[in-house]
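The values are calculated or read from the model by the stated rules, or taken from the named source; none is laboratory data. What you see is a predicted model, and the numbers here were worked out from it, not measured in a lab. Please note: Cβ atoms are built from the backbone with ideal geometry, for glycine as well, and neighbour counts cover all protein chains shown.
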């Protein structure tokens, strides 16, 4: 819907648009929310920001267990993408096995800091 309102008709239009990252983040959050609602769950989802220096794009609260999710539209994975997750884990004690990086590419892998998921594998995030 947002792409239509922005008159983004083709993938090339989206790839050149200044809001590509925000649109991708919005897509991932909405798909996660839809998945929770379709399972008849009451979503408890948050955004976390530490004084403007570190943030978590989506934080799922599941009965005291926190699942931090960083969202990047990039098709490739960069080490700097994990900085917010690492910082949050140090503060909260969140486990790397319960932390995720969702990106715009196809790769799925486990890293020391988080599980890397393609946007196509959002169903692997616990609801």
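Brief remarks on what is shown
- Cross-chain or 6+ apart pairs with Cβ under 6 Å, region 20-32 first and in contact (Cβ under 8 Å) with a residue 12 or more places away in the chain, then surrounded by 15 or more Cβ atoms within 10 Å (Cβ to Cβ) and in a helix (DSSP H, G or I): 20/14; 31/122
- Pair list, Cβ under 8 Å, 6 or more apart: region 103-114 residue surrounded by fewer than 15 Cβ atoms within 10 Å (Cβ to Cβ), other residue assigned to a loop (DSSP other than H, G, I, E, B) and modelled with pLDDT under 95: 106/75
- Residue identified as in contact (Cβ under 8 Å) with a residue 24 or more places away in the chain, more than 27 Å from residue 11 (Cβ to Cβ) and more than 11 Å from the chain's Cα centre (by Cα) among 95, 91: 91
- Filter pass, residue 101 being within 22 Å of residue 27 (Cβ to Cβ) and either at pLDDT 95 or above or assigned to a strand (DSSP E or B) (or both): yes
- Among the residues of region 88-98, those that are more than 12 Å from residue 57 (Cβ to Cβ) and crowded, with 19+ Cβ neighbours inside 10 Å comprise 89, 94.
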